[in-house]
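The values are calculated or read from the model by the stated rules, or taken from the named source; none is laboratory data. These figures come from a predicted structure and were not determined experimentally. Cβ placement follows ideal geometry from the backbone for every residue including glycine, while neighbour counts extend to all protein chains displayed. Surface areas here come from the heavy atoms of the whole protein model, side chains and all, with no ligands, DNA or RNA. Shrake-Rupley method; radii C 1.70, N 1.55, O 1.52, S 1.80 Å.
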Amino acid sequence: VTEKVKQMFASGALSVDAHNGNFGEPAPGKVKHLRVDYTDSGAPASQTAQEGQTLRLTRAAVPDEIITALCDALAASDGEAKFAILRVLTSTGTQKAFDTVLALAGKSEGETKDNAVRAVCDWPTVLALPTVMDWTKTAPNDTVRVIALRGSVRLLKIGQDTPEVLSQHYATLMALTASPDDKKLVLSGLGKVLHASALTMALDQMKDENVKAEAVQAAIAIAKKLPATPENASVIDRAKSLIPELNVAEKK
């Protein structure tokens with residue numbers, strides 16, 4: 001596994017999917033984790049991805065003085081120049097850049113505020129997750145709520161938290177959904193969370209005819225990979241009773 005990961009990054013890959021297609025199946029029926037220990041600018045670091053998630057080792061390698069210059073330029077500019085700098089600053093994904101853009105989203109007005117809000121919701125790293133999750137609850141209008149919801153699901157798909165925590169986040173988002181399209185978006189991410197509570201949530205959504213197909217798809221994706229442990233037995237049995245396809249797949 002170590003050599004394969006090294007080869008992937010040496011060939012220019014910016015991420016690696018932790019799935020059996022890349023590394024084989026050493027433990028059938030069990031959820032594996034891929035942990036990578038590495039150095040970042042000489043400092044030791046480590047990341048872990050659960051089976052089915054994507055592990056990304058890259059981050060914005062932009063010097064602090066460049067970030068500072070961009071922040072100063074953002075404050076001194078206006079119009080299209082300001083929005084161009086805003087996009088560049090967002091792409092760095094750093095904490096200082098995020099703090100600057102978040103402040104702009106809070107204190108500005110009009111088009112500048114709209115662009116800053118979108119930049120926060122499009123942030124490339126998970127440090128924006130608490131903010132966009134909060135915006136799904138407190139958004140001043142439906143437009144902000146929708147882009148915050150999309151940003152939340154996108155960041156949750158990066159999978160930096162444990163399956164249990166991810167499931168809790170998706171439960172929060174599901175409780176805030178206001179339309180079938182919102183539910184479908186949440187279900188698209190929920191299907192990647194290998195936890196009994198995530199499967200329960202997907203099965204519960206099957207009662208809604210507007211999203212039943214997406215709920216079934218999410219439930220199947222989870223049930224096929226969820227370990228057959230005593231703790232998971234009841235929800236797996238429930239899934240099999242509601243989704244005949246799972247019984248056919250098991251027989252095969």
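Data for the structure
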item	result
Selection status of residue 48, in contact with a Cys (Cβ under 6 Å, 6 or more places away or on another chain) and either part of a helix (DSSP H, G or I) or under 30 Å from residue 2 (Cβ atoms) (or both)	no
Hey, residue 55 part of a strand (DSSP E or B) and either over 27 Å from residue 161 (Cα atoms) or open to solvent by less than 30 Å² (accessible area, probe 1.4 Å) (or both) or not	yes
Residue 219, sole failed condition from (1) in contact (Cβ under 8 Å) with a residue 24 or more places away in the chain; (2) part of a loop (DSSP other than H, G, I, E, B)	(2)
Lone unmet requirement of (1) loosely packed, with under 14 Cβ neighbours inside 10 Å; (2) modelled with pLDDT under 90 for residue 246	(1)
Unique match (being touching a helix residue (DSSP H, G or I) at 6+ places or on another chain (Cβ under 8 Å), surrounded by 12 or more Cβ atoms within 10 Å (Cβ to Cβ) and free of Cβ contacts under 8 Å to residues at least 24 places away in the same chain) among 67, 85	85
Close pairs (9 angstrom Cβ cut-off, 6 or more residues apart or separate chains): in contact (Cβ under 8 Å) with a residue 40 or more places away in the chain and under 18 Å from residue 235 (Cβ atoms) in the range 190-214, open to solvent by less than 50 Å² (accessible area, probe 1.4 Å) and of a type in the set (D, E, K, R) anywhere	194/51
Filter result for the condition that a residue is open to solvent by 30 Å² or more (accessible area, probe 1.4 Å) and among the hydroxyl-bearing types (Ser, Thr, Tyr), over 136, 172	172
Residue ranges of helices (runs of 4 or more DSSP H) in the range 102-187 with at least 1 members in contact with a Leu (Cβ under 7 Å, 6 or more places away or on another chain) and over 27 Å from residue 208 (Cα atoms)	110-121, 129-138
